[in-house]
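Structure, as structure tokens:
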Amino acid sequence: MANLIIDIQNVSKSFGDFTVLDGVSVKVHEGENLVVFGKSGTGKSVLLKCLVGLLEPDQGNIEVYGQSVLKMKKKEMDAYRKNLGFLFQSAALYDSMTVRENLEFPLRKNFKFSEEEIRAKAERALQMVDLSHAIDKMPSELSGGMRKRVGLARSIITEPKIMLYDEPTTGLDPITTKEISKLIRNLQQELKMTSIIVTHDMICAQIIADRAIVLHKGKVVIEGSLNELISSNNPFLINFFSPDIIEETNGEIDGF
Amino acid sequence: MVSSTGKSLKAFFIEIGGMTAFMMRFFRYFLLPPYEFAEIRKHMEELGVKTLPIVSVTGFLIGFVLALQSHPILARFGAESVLPAMVALSVIRELGPVLTALIFAGRVSSGIGAELGSMRVTEQIDAMEVSAIDPFKFLVVTRIIACTMILPLLTMYVNFIALIGSYVSILLLQAMSLQLYTGEIIQAIGFVDLLPAVAKTFFFGFIVGLVGSFKGFNAEKGTEGVGKASTSSVVVSSLLILIMDSVLVKISLIIWPI
Ligand SMILES: Nc1ncnc2c1ncn2[C@@H]1O[C@H](COP(=O)(O)OP(=O)(O)OP(=O)(O)O)[C@@H](O)[C@H]1O
Ligand SMILES: [Mg+2]
């Protein structure tokens, strides 16, 4: 079996009295794509933020490469983050910079590439997400889907070993969704990336998932291959994965 | 009533504590490399461009009105001849530094509050942190340094413009050669008038940068968070400037009595 890269152990996180994560354990092995499903508001983004040290869990432990993220010193944390890409759900592009500057920013700050290399890398990353024409635009001039793709290009530009994608295809049309999903697949294969992908998108999941988990009410309720999840008899999963079945209690939808 | 006063008093002290910690963090960071010189220069240029028009107009009018108002008062005591010296002393010692700082606070502190606030709310600050780029160093330290360095320059410029305004005002009342006007001023103004007055503007600039950054960097989620960060920066930094001014004037009068 491949090396264990990410080991989330029994993590809990509350905001005030409101428990979001309630003992979540997840393991991800080297070169693996793990897809995380879950209803809106179950704490998928919170889980990713705990993993990169933006939020601190109340309980449990998170180890990456065998090192506890919660106990890292600033230097160790920096080294860890330099080797990690994070696509925010909101894309989080820097408003005051052009698309090109957004992409070049992490390269300039953290690595010692020559000016030509930096420019070439930015252009190539943008090409991968099919946005070469937008290189000199400001983020405010982009559509939601374009912002998402620039965010993706920015997070993969440093060719990190670990990638965390928070809904990489939300807001994209089916064709672009397939292209982006294939890109994520290719990156995984070429760069041996280890990834966690939060998504609701079945097209995307079918292309990229090696394994999937479902998060519900703060817990991992099921874990397995995508097919195992889809063919499960669990009523919640049937509800989650079958487009034509809606729980009877959803009275509002009866009117259609 | 008592408990709500108690609560807001508690919030006040928490705020003071937070700001002090924020300031200490600045001092811990600003000597450490990497030095973001390009970023500091960029901010200084932006701040200059943003405030130059309004401080120019204000500066001119202050000088103009001050001379206009003082003339009849001095005339009552038969002391019109000290008009240039009096205007110059008022402008250089007090009005120039404080008014420039207050305008600067209004324009810049709110701007920084809103800018950093929206970066906080839209997760840009988190994104920077996850890229192993220290957002405090890149966003906050550079802005505080830029404010601290640009305000003294702006103040000297405003002083100059205000003295032009007062000269124009005097010319409307009586004939006076430029030579005489500048001669009177140069004679009246000494080192003790200039140095403390310029020195205090560094503090004012620092306050504006610090308060705006503090409010923006710690903005609460949501668009109200950004608005609140922006308006409260102006209120707090203006108040702190006036308090700081009283303290510094008192101190400088002890060190350099007139
Ligand atoms: N910084 C925070 N402070 C307080 N509550 C928070 C914070 N971040 C998230 N939450 C709460 O935690 C819960 C989970 O949020 P999260 O963003 O992880 O959901 P999600 O599973 O990613 O949902 P979605 O699919 O809609 O993105 C939400 O109820 C949210 O209100
Ligand atoms: Mg989310």
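Can you give me the Cα centroid spacing of segment A:1-66 and segment A:192-238 in angstrom? Using only Cα atoms to place each centre, the spacing works out to 15 Å. By the count of other C-beta atoms within 10 Å, a proxy for reagent exposure, A:MET97, A:MET146 are ordered fewest to most as A:MET97, A:MET146. Taking label points 7 Å from Cα along the Cα-to-Cβ direction, B:ALA85 and B:ILE14 give a separation of 5.5 nm.
Applying 1/(1 + (r/R0)^6) with R0 = 45 Å to the Cβ-Cβ distance of A:LYS192 and B:ALA21 gives a FRET efficiency near 0.60.
Using a 10 Å cut-off around each Cβ, can you sort A:LEU87, B:LEU248 from fewest to most neighbouring Cβ atoms?
Going from least to most buried by this count: B:LEU248, A:LEU87.
Here's the picture: charge each Lys and Arg Cβ at +1 and each Asp and Glu Cβ at -1 in segment A:1-117, and of A:VAL28, A:LEU107, A:VAL11 the one pushed furthest to the positive end of that dipole is A:VAL11.
What is the angle, in °, between the Cα long axis of helix B:223-255 and the longest principal axis of the Cα atoms in chain B? Nearest 10 is fine, range 0 to 90. Approximately 50 degrees, to the nearest ten.
Shown here for segment A:1-65: chymotrypsin sites (Phe, Trp or Tyr not before Pro) in loop regions (DSSP other than H, G, I, E, B) with at most 16 other Cβ atoms within 10 Å, namely A:TYR65. Seen against the Cα atoms of chain A and their longest principal axis, helix A:115-128 is set at about 30 degrees. Taken over segment A:1-116, the percentage of Cα pairs per 10 Å bin, counting from 0 up to the bin with the maximum distance, is 11, 37, 33, 16, 2, 0.
Distance between the 7 Å Cα→Cβ label points at B:THR182 and A:SER132: 6.1 nm. Computed over segment A:50-147, the percent of Cα pairs more than 15 Å apart is 68. Estimated translational diffusion coefficient (Stokes-Einstein, Kirkwood radius over Cα pairs, 4 °C, 1.567 mPa s) of segment A:140-218: 99 µm² per second.
Taking the dipole about the Cα centre of the protein assembly as shown, with the C-beta of Lys and Arg at +1 and of Asp and Glu at -1, give me whichever of A:LEU187, A:THR42, B:ALA197 is farthest to the positive side. Positive-most Cα among the choices belongs to B:ALA197. Distances between placed amide hydrogens fall under 5 Å for A:SER25 paired with A:ASN10, A:VAL11, A:VAL220, all partners being 5 or more residues away or on another chain. Taking the charge dipole of segment B:160-256 about its Cα centre, with +1 at Lys and Arg Cβ atoms and -1 at Asp and Glu Cβ atoms, the residue from B:ALA229, B:ALA175, B:LEU240 reaching farthest to the positive side is B:ALA229.
Relative to the dominant Cα principal axis of chain B, helix B:178-188 is inclined by about 70°.
Hey, can you rank B:44-51, B:126-133, A:112-119 by average C-beta count inside 10 Å, highest first?
Packing proxy ranking, top to bottom: B:126-133, B:44-51, A:112-119.
Based on alpha-carbon atoms, the Kirkwood radius and the radius of gyration of segment A:193-243 give Rg/Rh equal to 0.93. A DSSP coil position with no more than 12 other Cβ atoms inside 10 Å describes the following trypsin sites (Lys or Arg not before Pro) in segment A:160-216: A:LYS192. Estimated purely from DSSP H runs of n ≥ 4, each contributing -39500 (n - 2.57), the mean residue ellipticity at 222 nm for chain A is -11000 deg cm²/dmol once divided by its residues. Amide H contacts under 5 Å for A:GLY38: A:LEU215, restricted to partners 5 or more places along the chain or on a different chain, H placed in the peptide plane at 1.01 Å from N. Summing Cβ point charges (Lys, Arg +1; Asp, Glu -1) relative to the Cα centre of the protein assembly as shown gives a dipole of roughly 1340 debye. Backbone amide hydrogens, once placed in the peptide plane, bring A:ARG211 within less than 5 Å of A:ASN33, A:VAL35, excluding anything fewer than 5 places away on its chain. Compactness ratio for chain A: Cα radius of gyration over 2.2 N^0.38 Å (N = residue count) comes to 1.04.
Label sites at A:ASN61 and B:THR231, each approximated as a point 7 angstrom past Cα along Cα to Cβ, lie 4.9 nm apart. Overall, the ratio between the Cα radius of gyration of the protein assembly as shown and 2.2 N^0.38 Å, rounded to two decimals, is 1.26. When the alpha carbon gyration tensor of segment B:73-149 is reduced to an equivalent ellipsoid, its three semi-axes come out at 47, 12, 5 angstrom, largest first. One chain, two ends: B:TYR35 and B:ILE189. Fully extended at 0.36 nm per residue, the span grows by 51.7 nm beyond their Cα-Cα distance. Basic side chains Lys and Arg get +1 at the Cβ, acidic Asp and Glu get -1 at the Cβ, and with that the dipole of chain A about its Cα centre reaches some 1020 debye.
Cross-linked pairs A:LYS137/B:LYS42; A:LYS44/A:LYS161; A:LYS219/B:LYS215; A:LYS161/A:LYS217; A:LYS44/A:LYS109; A:LYS49/A:LYS217: Cα-Cα separations exceed 27 Å for A:LYS219/B:LYS215; A:LYS161/A:LYS217; A:LYS44/A:LYS109. Counting neighbouring beta carbons within 10 Å and listing from fewest to most, the residues A:ASP95, A:ASP201, A:ASP7 come out as A:ASP95, A:ASP7, A:ASP201.
For segment B:111-133, the residues whose backbone nitrogen is under 16 Å from a point 7 Å from the Cα of B:LYS221, taken along Cα to Cβ, are B:118-127.
Values in this text are rule-based calculations from the coordinates and carry no lab data. Small disclaimer: the values here were computed from a predicted structure and weren't measured. For neighbour counting, all protein chains shown are included, and Cβ atoms are generated from backbone atoms with ideal geometry for every residue, glycine included.
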